[in-house]
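Undergrad: Before I ask anything, here is the structure I am working with.
The values are calculated or read from the model by the stated rules, or taken from the named source; none is laboratory data. If you're wondering where the values come from, they're calculated on a predicted model, not measured in any experiment. When we count neighbours, we look across all protein chains shown, and the Cβ atoms used for this are built from the backbone with ideal geometry, even at glycine. For accessibility, only protein heavy atoms count, side chains too; no ligands or nucleic acids. Shrake-Rupley method; radii C 1.70, N 1.55, O 1.52, S 1.80 Å.
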Amino acid sequence: MQEIRYEIMEIPGYRAIGLKWDGAYTEVSSLKKIIYSMGSRVSELEYAINPKVQLGLSYHLRPDGFVHYSVYEVSEEQQIPEGMMEIHVPEMTYLMIHHKKEQNIGQTYDNIYHWLKESEYEPLRELDIEYFDRLPIKHERYPHDRDVNNPHFDILIPIVERT
């Protein structure tokens, strides 16, 4: 079993700009093109707070797939470039895990799910929103120098204390 270090952290709310993808699991190859395209367009974001860290924000809002925002955190001065959109992410508590190269991504997410089941936390589920995954919101932080075929990145799962 993979050894994983889990960390609980608060992240203040932020504004991000980038590209949105809304698709089925069978269309995920088109998502990779969106992520690559956004990475090549980061130079259009002159007020990017950290242009070397691309964010992938996934929301499992459909039974056959998910909505994904490939974005960069930006300051309020940033205008929205043509073809892009903005998203405001509220302050949240996250479970943070580093996914290493050579590890199976599906296994990493399974490990996260099992860790949460045994902890005093559970995945955040926004009120009045139907989700279609046991980890309904997944935020990932990709370093600029990652290998897209064998990536290393941080996984952040919004959580709340179990009631």
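Undergrad: When the residues of segment 105-163 are narrowed to those that are touching an Asp or Glu at 6+ places or on another chain (Cβ under 7 Å) and in a loop (DSSP other than H, G, I, E, B), which ends up nearest to residue 70 (Cα to Cα)?
TA: 150
Undergrad: Among the residues of segment 8-32 satisfying the criterion of being touching a strand residue (DSSP E or B) at 6+ places or on another chain (Cβ under 9 Å) and in a helix (DSSP H, G or I), which is least open to solvent (accessible area, probe 1.4 Å)?
TA: Among those residues, the one meeting the criterion is 31.
Undergrad: Ok, one more. What is the one condition in (1) open to solvent by less than 40 Å² (accessible area, probe 1.4 Å); (2) closer than 14 Å to residue 9 by Cα; (3) out of contact with any Leu (no Cβ under 6 Å at 6 or more places or on another chain) that residue 161 does not satisfy?
TA: (1)
Undergrad: Which residues, taken from segment 67-103, are under 16 Å from residue 11 (Cβ atoms) and touching a helix residue (DSSP H, G or I) at 6+ places or on another chain (Cβ under 8 Å)?
TA: 71, 72, 95, 97
Undergrad: Would you be able to tell me the number of residues in segment 105-152 that are out of contact with any strand residue (DSSP E or B) (no Cβ under 7 Å at 6 or more places or on another chain) and crowded, with 16+ Cβ neighbours inside 10 Å?
TA: Summing the residues that are out of contact with any strand residue (DSSP E or B) (no Cβ under 7 Å at 6 or more places or on another chain) and crowded, with 16+ Cβ neighbours inside 10 Å in segment 105-152 gives 2.
Undergrad: Name the single residue, out of those in segment 49-80 being in contact with an Asp or Glu (Cβ under 6 Å, 6 or more places away or on another chain) and more than 23 Å from residue 6 (Cβ to Cβ), that is least open to solvent (accessible area, probe 1.4 Å).
TA: Filtering first and then ranking leaves 67.
Undergrad: Would you check which residues across segment 36-77 are within 17 Å of residue 146 (Cα to Cα), in contact (Cβ under 8 Å) with a residue 60 or more places away in the chain and not in a strand (DSSP E or B) and list them?
TA: Correct list: 36, 39, 51, 52.
Undergrad: If you don't mind, another one. Among the residues of segment 81-104, which ones are surrounded by fewer than 13 Cβ atoms within 10 Å (Cβ to Cβ) and closer than 14 Å to residue 42 by Cα?
TA: If the condition is that a residue be surrounded by fewer than 13 Cβ atoms within 10 Å (Cβ to Cβ) and closer than 14 Å to residue 42 by Cα, then 82, 83 are the ones that fit.
Undergrad: Between 162, 134, which is touching a Ser or Thr at 6+ places or on another chain (Cβ under 9 Å), farther than 22 Å from residue 39 by Cβ and without any contact (Cβ under 8 Å) to a residue 60 or more places away in the chain?
TA: Result: 162 is the single residue among 162, 134 that is touching a Ser or Thr at 6+ places or on another chain (Cβ under 9 Å), farther than 22 Å from residue 39 by Cβ and without any contact (Cβ under 8 Å) to a residue 60 or more places away in the chain.
Undergrad: Next question, about the same structure. Which residue pairs have Cβ atoms closer than 8 Å, lie 6 or more positions apart in sequence or on different chains, and pair a first residue in segment 10-31 that is touching a residue at least 40 places away in the same chain (Cβ under 8 Å) with a second residue that is surrounded by 12 or more Cβ atoms within 10 Å (Cβ to Cβ) and acidic (Asp, Glu)?
TA: As it stands, the answer is 14/73; 15/73; 15/86; 16/73; 16/86; 17/86, since those pairs meet every condition given.
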